[in-house]
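What follows is a single structure, written as structure tokens, with notes after it.
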Amino acid sequence: MSIELGHFALILALAIATVSAVGGLALWRRGPRVAQFLQQSAILQFVLVACAFAALVRAFAQSDFSLALAVNHSHSLKPMIFKISGVWGNHEGSMVLWILILVLFGAMVAAFGRNLPRPLLSLVLATQSLLTAAFTAFTVFTSNPFERVFPPPFEGNDLNPVLQDIGLAIHPPLLYAGYVGFSVCFSFAVAALISGRIDAAWARWVRPWTMLSWLFLTLGIAMGSYWAYYELGWGGWWFWDPVENASFMPWLAGTALLHSAIVMEKRGALKIWTIFLAIITFSLSLLGTFLVRSGILTSVHTFASDPTRGLVILSILAVLIGGAFALFALRAPKLRAGGLFAPVSREGALILNNLFLSTAVGAVLVGTLYPLVLDALTGTTISVGEPFFNLTFSILMAPLLLVLPFGPLLAWKRADIVAAAQRLVAAGALAIFLAILISALGGLSISLAPLGLLLGFWVAFGAIMDIIDRGRFGKLPPRESLRRIIKLPRSTFATALGHFGVGITVLGIVSTTAWESEVVTTLNPGETTAIADYAIAFDDFNEVAGPNYSAERGIFTVTDHNGGERTLAAERRFYEASGTPTTEAAIATYGFSQLYLQLGEPQADTHVLRIWYKPYITLIWLGAILMAVAGVVSLTDRRKRVGAPAQSKARRATEAA
């Protein structure tokens, strides 16, 4: 019965979203009553979709195999956490999760945007309802998650074993929150274009939503990267897979949007560009949806292989994205230019930031779509792989990292680049010293690793120098400097922490790329091998039984250069329901470095063992976490809270009239 109730709730949410979209876009000038209706509608849509999602979760948790979705993607022996995550480990269920997050953000706008001008609020909520109606209609009519099976089987077909991992229980919700969160920025952009209200206040309203979405997308990408690293058993953390790129492009565009919104908020400039970025960021999120669900890609990340669904999604994208850009082309020329500023200024630095980030988005987009378009048009199959992306992205990011520390030290409108450079002398000297020292200790060779280390340290120390400079350390007594730092706005700390996280991630990427080592060998129990300064002894090999799999497990003892010992277990699992094998790597963390062991296929009377030593690899994800924490700190700044300042009584009376 709960399945039918969930299905009915989803259909009812579709009807309410459709009425809200049509009514809101047609009557947005009619005053506070329309806005109040749309606010109530947004909250009701969330309640209904949450009920539909809860019905799916209940069916999976109870192994209700009268539900076709549970039959195809669940099994009664799975641990409960993987039964629940199986709800979004497929196309239909993931679409319901997508819609749930979409209506959640709409409800948040309705709840926290009560102080927004009523016409703008009405347009934002109406646009959100339009998006909800489009994707709910797609789900109901082409990807119904509530289909029944009669008679129900005794057992399900199980979820893809690769997806039965805690990382995949966390990664999709975080990623979707980032993807879908940018829908609010898209809705604000459409509302601004329709109403003609685009000013610094608009940027202030949009910026917290952009930060919140960017925060979730950062964590989602980081979690996905770490999952691929430890679960897929190949020892890599990024592959430039088209689906990985589909999540990375909105992140780059969202980063540019954050910085562009700062200029618009502070100086009233870059209005047209900020609106364009708000549209393109969510458009790239929708492009990722199309790539994952169209069937044009074959990847562990993809959910569907039905080209009919792909055509429907493509049609939805054409209408939504095409309509938004058509509106932009119609209204953008009528927008008034913002304030003027000198090229050497904080505005100029942020524009340069946008230039490099936007070019990087274009490069990744071309490298991702060109093989697909060429194959569709000519039937020619080519591969644009890691060498292209690494070279192109490095060339674009190096100058961006070089100028990054200057931005916070430059004044608005007009600045002195020489004075900013003088304040960064200590950071530059320390960065050069450490880059040379680490390169010498790691073994000098002809590579770009020293330059990468230099840039990473430069960005990290530059962020620290920004805080030190604001506290005027060395110019004032220490107590007074500390007092000045404590009184700094939280957004200042957020900027410094975010840039510091970028530097840390760069250091992790450079270190593990330049100095990782690998050993592929064959071992039997009782034998020993070595890598870097570690000795690995193969202690035992046995078979074990899991809740829904059987496994071959190798037990190893790792001895480090100080004589410390650790016991690791690497497995090769076989899931009987699906007949699928997987590899579970053994990972030992030493400081910021890791030792990675993979047990390969048995050969005759021996075992293949693949071992990597990855120096400072955890800095990659530590930097991402620091960036996300910076987003949280920024959102706690009372000046940047989600919502809008309370309106005066006179203003409210005027709007009501």
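Bear in mind that the values in this text are calculations on the coordinates, not laboratory data. These numbers were taken from a predicted model, which means no experiment stands behind them. So basically every Cβ, Gly included, is an ideal-geometry build from the backbone, and we count neighbours across all protein chains shown.
A few notes on this one:
- Förster-model FRET efficiency, 51 Å R0, PHE150 and THR559, C-beta, rounded to 0.05: 0.30
- When shorter helices are ignored and each DSSP H run of at least 4 residues is given -39500 (n - 2.57), the per-residue value for the chain at 222 nm works out to -21500 deg cm²/dmol.
- Dipole in debye (nearest 20) - the chain, about Cα centre, beta carbon charges: Lys, Arg +1; Asp, Glu -1: 4920 debye
- Inter-label distance, nm, simple model (7 Å from Cα along the C-beta direction), ASN542/LEU317: 5.1 nm
- Rotationally averaged projected area of segment 424-515 (alpha carbon convex hull; nm²): 6.2 nm²
- Approximate shape of segment 1-160 as ellipsoid semi-axes (Cα gyration tensor, √5λ), whole Å, largest first: 35, 14, 11
- Take the Kirkwood radius over Cα pairs of segment 517-614, plug it into Stokes-Einstein at 37 °C and 0.692 mPa s, and you get 236 µm²/s for translational diffusion.
- Quarter of the Cα convex hull surface for the chain, i.e. its orientation-mean projected area (nm²): 33.5 nm²
- Of every Cα-Cα pair in segment 79-223, the percent that sits beyond 19 Å: 59 percent
- Student exercise, segment 517-614 dipole from Lys, Arg, Asp, Glu Cβ charges, in Debye to nearest 20: 280 debye
- Sorted from greatest to least, the principal axis extents spanned by the alpha carbons of segment 140-268 come out as 63, 41, 21 Å.
- Annotation for segment 488-566 versus segment 255-286: alpha-carbon center distance of 40 Å.
- Averaged over residues, the count of other Cβ atoms within 10 Å places the peptides 162-169, 508-515, 394-401, 328-335 in the sequence 508-515, 162-169, 394-401, 328-335, highest first.
- Mean projection of the Cα convex hull over all viewing directions, computed for segment 87-135: 3.4 nm².
- C-alpha center-to-center spacing [segment 112-146, segment 350-409] in angstrom: 32 Å
- For ALA326 and TYR370, the difference between the fully extended length at 0.36 nm per residue and the C-alpha to C-alpha distance is 13.4 nm.
- Distance violations [Cα-Cα > 28 Å] among LYS413/LYS487; LYS266/LYS334; LYS83/LYS614: LYS83/LYS614
- R0 of 35 Å, Cβ-Cβ distance LEU335-VAL632: FRET efficiency to nearest 0.05: 0.60
- Ranked by the mean number of other Cβ atoms within 10 Å of their residues, highest first, the peptides 449-460, 172-183, 597-608 come out as 172-183, 449-460, 597-608.
- For segment 501-564, the fraction of alpha-carbon pairs lying more than 19 Å apart is 56 percent, rounded to a whole number.
- Contact order relative to length of segment 1-160, as percent, for alpha carbon pairs under 8 angstrom and 6 or more apart: 39 percent
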